[in-house]
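Coordinate-derived values only; no laboratory data. Owing to the predicted nature of the structure, the values given are computational and were not obtained by experimental measurement. When we count neighbours, we look across all protein chains shown, and the Cβ atoms used for this are built from the backbone with ideal geometry, even at glycine.
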Amino acid sequence: MKRLLITIAAMLASVTVYAADLPGAVQKHNPIAIGMFLAFVIFTLFVTRWAARKNNSVADHYAAGGKITGFQNGWAIAGDYMSAASLLGISALVFTSGFDGLIYSIGFLASWPIILFLIAEPLRNLGRYTLADVLSYRLKPRPIRAFSASSSIVIVLLYLVSQLVGAGKLVELLFGFDYTAAVLLVGTLMVIYVFFGGMLATTWIQIIKAVLLLTGCVFMAFMVLSQFGFSLNQLFTQATQVHPSHIAIMSPGGLISDPVSAISLGLALVFGTAGLPHILMRFFTVGNVKAARQSILYATGLVGIGYALIVIIGFGTIALVASNPAYHDASGGISGGVNMVAIHLAHNVGGNVFLGFMCAVSFSTILAVVAGLTLAGSSAVSHDLYAHALRRGTASDREEMRVSRVTTIALGVLSILLAIAFEKQNIAFIVSLTFSIAASSNFPVLLLSIYWKGLTTRGAVIGGSLGLVSAITLCILSPTVWVKILHNPQAWFPYEYPALFSMAVAFVGIFWFSITDRSVSAIGERNRFENQLVDSELGTPATWRALLKAD
Amino acid sequence: MEHTYPQDGGPTMPAEQVDDTIQNPILENTEFRALVKQRRLFSWSMTALMLAVYFGFILSLAFIPARLGMPITEGQPMTWGVPIGFGMLAFTTLLVAVYVWRTNTCYDPKIKTIIRSFNK
């Protein structure tokens with residue numbers, strides 16, 4: 001491990017030197033930014049080394065031995081959930097269209113109550129490491145795990161590639177690295193964190209990132225407001241005077257173009273989070289259901305505060321960045337593109353040091369999210385596909401760990417290659433696509449397995465797969481992909497987001513193929529529902545002792 | 001977590017002949033039944049409330065955007081949409097807090113009582 005640290009440090013140094021040699025780097029090198037970024041990377045590698053020593057079993061690797069507290073997990077969930085798209089994307093959305101940025105952030109937050117009210121507690125009570133543990137409580141383990149692992153891998157891989165492409169472009173801009181080198185660096189770091197440190201390292205990297213991100217946001221929002229006498233009204237007055245759309249930025253604009261797309265996006269955001277494997281996995285890292293519940297309260301509060309601050313920061317970018325010629329390039333656009341407005345604002349309110357800090361924060365944000373995704377993807381392969389579907393539960397701890405680590409490397413290589421292949425593509429739509437897929441495959445199956453007695457394996461597998469396929473198909477046929485990316489004259493599917501239709505397909509499919517399931521095994525699956533109900537409400541008897549002891 | 005599963009296929013038989021699932025005795029417990037009923041009612045009502053408020057907000061954006069864009073005080077940039085939007089974030093967090101508070105204070109003790117009576 002020590003030798004590895006040295007190798008990484010050498011690699012980083014060579015990347016930095018290489019980047020400094022680049023003639024046409026987009027941004028002048030900021031030594032403070034690169035220094036802070038290096039400090040962050042080295043610190044996280046030490047965290048990983050510390051975590052690696054405690055990473056001795058499957059339970060440690062997937063769930064940090066269940067020893068994370070509710071408070072820590074709340075911060076980690078916030079770190080897992082708020083991607084760089086949250087800070088840079090939402091502030092950029094406010095910068096271009098004002099009020100609409102707020103609408104997006106509301107949708108992202110609205111999913112948390114739904115997860116808490118319907119999913120989190122039964123999930124924690126019935127499962128161990130993955131959502132498939134819950135599904136296979138009464139459904140046939142092999143088909144249901146194969147389905148759940150496949151849809152989880154599709155979600156993880158798409159999300160991972162979209163994050164890596166974003167990371168590559170961001171690091172290219174912030175630090176002047178070459179795109180391919182940046183993707184390689186992020187990909188290598190995420191594999192190291194997960195390979196050695198498992199869930200414990202991932203958790204702490206997510207916690208550190210969330211603390212850094214919120215600290216940065218609080219400082220930036222404070223500095224913005226201080227320039228306007230701590231009056232939102234004055235900030236808005238300045239923003240409406242500067243922005244080309246003037247007062248229109250204070251009202252809902254083009255984001256909600258038609259009601260069907262609006263509801264479709266809303267459904268994807270609200271229910272999609274409850275099907276994201278890297279989010280669901282976090283509930284297994286705490287000791288009991290009460291801690292899981294508590295962690296959602298902390299997470300919702302933190303994410304809510306974060307989004308409120310980011311919206312204020314967004315209005316700050318209109319007021320302070322848009323009118324400042326220092327942040328524009330020769331053609332009059334924002335230097336580095338509109339996604340950089342929050343970074344420019346950091347420079348405006350806090351000078352070079354704070355700019356460096358926010359660059360390092362944006363980078364850490366990406367690392368924390370991709371590490372969580374990689375862990376979720378590798379556990380779907382090793383725990384669901386290998387240990388249970390393939391080996392039917394006979395694999396030893398060591399064998400399962402080995403498969404998990406090999407998968408981590410494979411996922412890393414695959415996502416790096418895909419990210420390099422998609423460099424020139426505009427893949428911003430992929431994030432909303434992953435939410436649509438999760439809302440149409442994992443979520444309906446998970447929800448109905450907990451609440452509907454009539455669910456059978458056949459219904460879950462066929463209906464869930466129909467939801468998965470229809471979400472992807474409709475997205476490809478939508479104007480965003482079919483017209484704007486594939487350059488066809490007319491879209492087959494007229495709406496921007498598929499979730500309204502693909503979720504309907506999934507629920508109807510699951511319902512129909514369950515009620516028409518006359519197989520012998522279906523009878524047992526329905527009958528086991530009552531016993532599952534007891535465990536989902538009270539936890540398994542194995543966990544009772546710990547629960548009673550907690551008093 | 002592992003169960004044995006009857007093989008697929010074969011003639012369909014009445015449930016009582018093939019099903020060997022032994023029902024958990026807790027299912028007969030009236031306190032457990034009452035707890036499940038109360039919690040289901042509470043969770044689904046809270047879910048319905050959240051969805052109603054959220055999609056109400058989305059639909060008002062789609063159908064009455066001008067109403068949300070009206071200034072609170074004439075001549076000032078602050079519109080009704082701003083406090084409503086930030087209020088949505090606060091409402092979401094508040095709803096989560098209410099759920100956690102009620103579950104901790106009301107349902108957790110009941111769960112423990114039931115568990116104690118069956119934990120031998």
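Work out the charge dipole of the protein assembly as shown with +1 on the Cβ of Lys and Arg and -1 on the Cβ of Asp and Glu about the Cα centre, then indicate which of B:86, A:274, B:105 is farthest towards its positive end.
The residue sitting most towards the positive pole is B:105.
At q = 0.06, 0.09 Å⁻¹, what is the log10 ratio I(q)/I(0) for the protein assembly as shown, with the Debye formula run over Cα points and no solvent?
-0.33, -0.76
Can you tell me the dipole magnitude for the protein assembly as shown around its Cα centre, using point charges on the Cβ only (Lys, Arg +1; Asp, Glu -1), in Debye to the nearest 20?
Values: 42 positive and 31 negative charges, 300 e Å.
Here the size comes out at about 1440 debye.
Taking only Cα atoms of the stretch A:274-413, what ratio of Rg to Rh do you get with Rh as the Kirkwood inverse-distance radius?
On the way: Rg = 21.4 Å, Rh = 18.7 Å.
Rg/Rh for the stretch A:274-413 comes to 1.15.
Would you order B:111, A:485 from fewest to most other beta-carbon atoms within 10 Å of each residue's own beta-carbon?
A:485, B:111
Compute log10 of I(q)/I(0) for the stretch A:463-530 with the Debye formula, placing one identical point scatterer on every Cα and leaving out solvent, at q = 0.11, 0.14, 0.17 Å⁻¹, to two decimals.
Normalising to I(0) and taking log10 leaves -0.40, -0.54, -0.65.
Just to be sure I understand the rule: take each whole DSSP H helix in chain A, project its Cα atoms onto its long axis, keep it if the span is 27 Å or more and its mean Kyte-Doolittle hydropathy is at least -1.0. Which ones pass?
A:2-21, A:31-53, A:141-175, A:198-226, A:289-320, A:341-379, A:397-421, A:457-477, A:520-538
What is the order of A:386, A:497, A:179, fewest Cβ neighbours within 10 Å to most?
A:179, A:386, A:497
Give the average, rounded to an integer, of partner chain Cβ atoms located within 10 angstrom of each Cβ in A:388-395.
That average works out to 1.
Once Lys and Arg get +1 and Asp and Glu get -1 on their Cβ, which of A:478, A:192, A:224 lies farthest toward the positive end of the dipole of the protein assembly as shown?
A:192
Cα centroid distance between the stretch A:96-115 and the stretch A:411-488, in Å?
21 Å
Under Stokes-Einstein, with the Kirkwood radius over Cα pairs standing in for Rh, what whole-number D in µm²/s applies to the stretch A:137-247 at 4 °C and 1.567 mPa s?
Details: Rh = 18.4 Å.
The diffusion coefficient I find is 70 µm²/s.
What is the magnitude of the charge dipole of the stretch A:92-171 about its Cα centre, with +1 placed on the Cβ of each Lys and Arg, -1 on the Cβ of each Asp and Glu, and no other charges, expressed in debye to the nearest 20?
Numbers: 7 positive and 3 negative charges, 96 e Å.
Roughly 460 debye for the stretch A:92-171.
Take the alpha carbon atoms of the stretch A:249-296, find their center, do the same for the stretch A:193-229, and report the distance between the two centers in whole angstrom.
Here the answer is 20 Å between Cα centres.
If you put +1 on each Lys and Arg Cβ and -1 on each Asp and Glu Cβ, how big is the dipole of the stretch A:28-172 around its Cα centre, in Debye rounded to 20? Don't jump to the answer; show the numbers that get you there.
On the way: 12 positive and 6 negative charges, 122 e Å.
That gives a dipole near 580 debye.
So if I take the centroid of the Cα atoms in the stretch A:501-521 and the same for the stretch A:51-77, what is the distance between those two points in Å?
36 Å
Let me know the whole percent of all Cα-Cα pairs from the stretch A:369-467 that are separated by more than 22 Å.
Every Cα pair in the stretch A:369-467 considered, those over 22 Å come to 48 percent.
Take peptides A:273-280, A:98-105, B:74-81, A:232-239 and line them up by average Cβ neighbours within 10 Å, highest first, as a rough protection proxy. Kindly include the intermediate steps, with their values, before the conclusion.
Working: A:273-280: 26.1, A:98-105: 24.6, B:74-81: 15.8, A:232-239: 19.2.
Descending packing order for the listed peptides: A:273-280, A:98-105, A:232-239, B:74-81.
Suppose only helical runs count, i.e. DSSP H with n ≥ 4. What mean residue ellipticity at 222 nm does that imply for chain A under -39500 (n - 2.57) per run, divided by all residues and rounded to the nearest 500 deg cm²/dmol?
Mean residue ellipticity, 222 nm, calculated: -23500 deg cm²/dmol.
Going toward the positive end of the dipole of the stretch A:347-409, with +1 on Lys and Arg Cβ and -1 on Asp and Glu Cβ, which of A:370, A:350, A:409 do you reach last?
Value computed over the given set: A:409.
Is there a simple number for the mean count of other chain Cβ atoms within 10 Å of the Cβ of residues in A:104-112, and what is it?
Mean partner shielding for this stretch: 5.
Just to be sure I follow the definition: excluding the sites themselves, where is the longest run in chain A that has none of the trypsin sites (Lys or Arg not before Pro) in a DSSP loop with at most 14 other Cβ atoms within 10 Å?
Excluding the exposed sites themselves, the longest stretch runs over A:29-390.
Tell me the chymotrypsin sites (Phe, Trp or Tyr not before Pro) within the stretch A:403-487 that lie in a loop according to DSSP and have at most 12 other beta-carbon atoms within 10 Å.
On the way: sites: A:422, A:429, A:435, A:451, A:452, A:482; in loops: A:422, A:452.
Hits after loop and neighbour filter: nothing returned.
Counting only other chains, what is the mean number of Cβ atoms within 10 angstrom of the Cβ of each residue in peptide B:83-90? Could you put the intermediate results ahead of the total?
On the way: counts 1, 2, 9, 9, 1, 8, 14, 3.
Shielding by partners across B:83-90 averages 6.
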